[in-house]
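Contents: one structure, followed by commentary.
The values are calculated or read from the model by the stated rules, or taken from the named source; none is laboratory data. As the structure is a computational prediction, the values presented were derived from the model and not from experiment. For neighbour counting, all protein chains shown are included, and Cβ atoms are generated from backbone atoms with ideal geometry for every residue, glycine included. Just the protein is used for accessible areas: all its heavy atoms, side chains included, with ligands, DNA and RNA removed. Shrake-Rupley method; radii C 1.70, N 1.55, O 1.52, S 1.80 Å.
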Amino acid sequence: MKKLGFILLVLALCVGCQTKKVETFSNTSVTAGFDTFISIKTVADSQEQFDSYFTSSIEKFEYLNKLFDIYNTYPDVNNLKTINDNAGIAPVEVDQYIIDLLNLSKEFYDLSGGEFDITMGSVLKVWHKYRELGLMAMNEGELGKLPSSEELETAAACKGWEFVEIDDENNTVYINNPCTSLDVGGIAKGFAAEVLANNLIEEEIPSGFVNAGGNVRTINKKWDGSPWVVEIQNPDGAGSYLTVSRLGSASFVTSGDYQRYYIAEDGKFYHHIIDPKTNFPATHFHSVTIITENSAVADALSTTIFTLPYEEGSALISKYNQDHPDKPVSAVWLMDQAQANEIKNDHQLVVGNYIAVYTEDLKDSLVVKDPAK
């Protein structure tokens, strides 16, 4: 009788014990900063709970945009422009986020042998001016102009980490050379996406993603248990494209030559990713996609690997993976057939008019999609 009573009690407790339906919520802002959109999708108990996540994320994204801005000043905020404006004048007390970003940038400068260099703001400023004028010329049906080698060499003489003094104890940054300036465009958006993802993880969301202008950072397993699938854009925007899948937390960041470019008077396209060795836009590939957990790392490496020849970039990834076996990096290079013919790598796929060369670990994760099917 006691046994029967126990069974009846268990049955009573389990009445209505169905698996709770997983609900996802999403929202997008196009005005939060970094000159891009920010989309967030997560599992949440209610719309109100998600709205709280989203609002706090957007506020953080807006704040980070102000901190890393090199063009504008803001009330009661010492940002990168404040640091640049005080070059050769005085140290500037800054938020811990700036200290963390600069220290991480220095790590990648050292890792890459100077290939990733946020101190080349003077060079990027020259290209920004010519690109803006070039875009205006294109709108009028004309071709843009190019900076001279002398102008670029003069600007390049200002770069160098020896001119940047970071005081971690007092949270100050001082540029001791008046012509040196910082530009964190190659890492800032990924850093911000990582901050947002970590904040959501602290809220103990079980699943979700942050998409900061194409920098995608996933959090834990997807809500339906399937892999996360992210598209790698076709550089010409037409024909076949790639998808890459990954289980669990990961970041997917692409650097490419098909955005923010203008056509110069020599008939060539000039984009925004500058090779510090030549002071001109890198021409090795059309895009490089990095997949790893940390979005800031993915952003910095996608910029770096884009400016390196394939063999050097591949060697850099191997070195990073040896030093960080628990946070490995994967990569996809999209290039023309002629470039692919020169590469000793059997892991290649035809993607429309391009060839995708990829690290071996991605051989079961990449799929070529035909938009017509």
Considering only the stretch 43-139, give the helices (runs of 4 or more DSSP H) lying wholly within it that have at least 2 residues that are open to solvent by 70 Å² or more (accessible area, probe 1.4 Å) and within 21 Å of Gly213 (Cβ to Cβ). 47-68
Near pairs, Cβ below 6 angstrom, 6+ apart or cross-chain, from the stretch 78-103 (of a type in the set (A, V, I, L, M)) to any residue that is assigned to a helix (DSSP H, G or I): Leu80/Phe68; Val92/Thr82; Val92/Ile83; Ile98/Leu67; Leu101/Phe191
Can you tell me how many residues in the stretch 78-101 are within 17 Å of Gly190 (Cα to Cα) and in contact with a helix residue (DSSP H, G or I) (Cβ under 9 Å, 6 or more places away or on another chain)? 5
Which numbered condition Asp361 fails, given (1) outside any helix (DSSP H, G or I); (2) surrounded by fewer than 16 Cβ atoms within 10 Å (Cβ to Cβ): (1)
For the stretch 132-170, which residues satisfy the criterion of being of a type in the set (Lys, Arg) and over 19 Å from Asn84 (Cβ atoms)? Lys145
Any residue in the stretch 321-334 that is open to solvent by 20 Å² or more (accessible area, probe 1.4 Å), touching a residue at least 40 places away in the same chain (Cβ under 8 Å) and not polar (S, T, N, Q)? no
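To keep it simple, each residue is scored yes or no on (1) among the aliphatic types (A, V, I, L, M); (2) under 20 Å from Gly113 (Cβ atoms).
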| residue | (1), (2) |
| --- | --- |
| His286 | no, no |
| Ala300 | yes, yes |
| Thr303 | no, yes |
| Glu312 | no, yes |
| Asp326 | no, no |
| Asp336 | no, no |
| Asp346 | no, no |
| Tyr354 | no, no |
Out of Thr172, Thr180, Thr218, report the one residue that is open to solvent by less than 50 Å² (accessible area, probe 1.4 Å) and in contact with a helix residue (DSSP H, G or I) (Cβ under 7 Å, 6 or more places away or on another chain). Thr180
Candidates Tyr258, Tyr174 - the one that is aromatic (Phe, Trp, Tyr) and either assigned to a strand (DSSP E or B) or under 21 Å from Thr28 (Cβ atoms) (or both): Tyr174
Could you check how many residues of the stretch 340-353 are more than 26 Å from Ser251 (Cβ to Cβ) and assigned to a helix (DSSP H, G or I)? 1
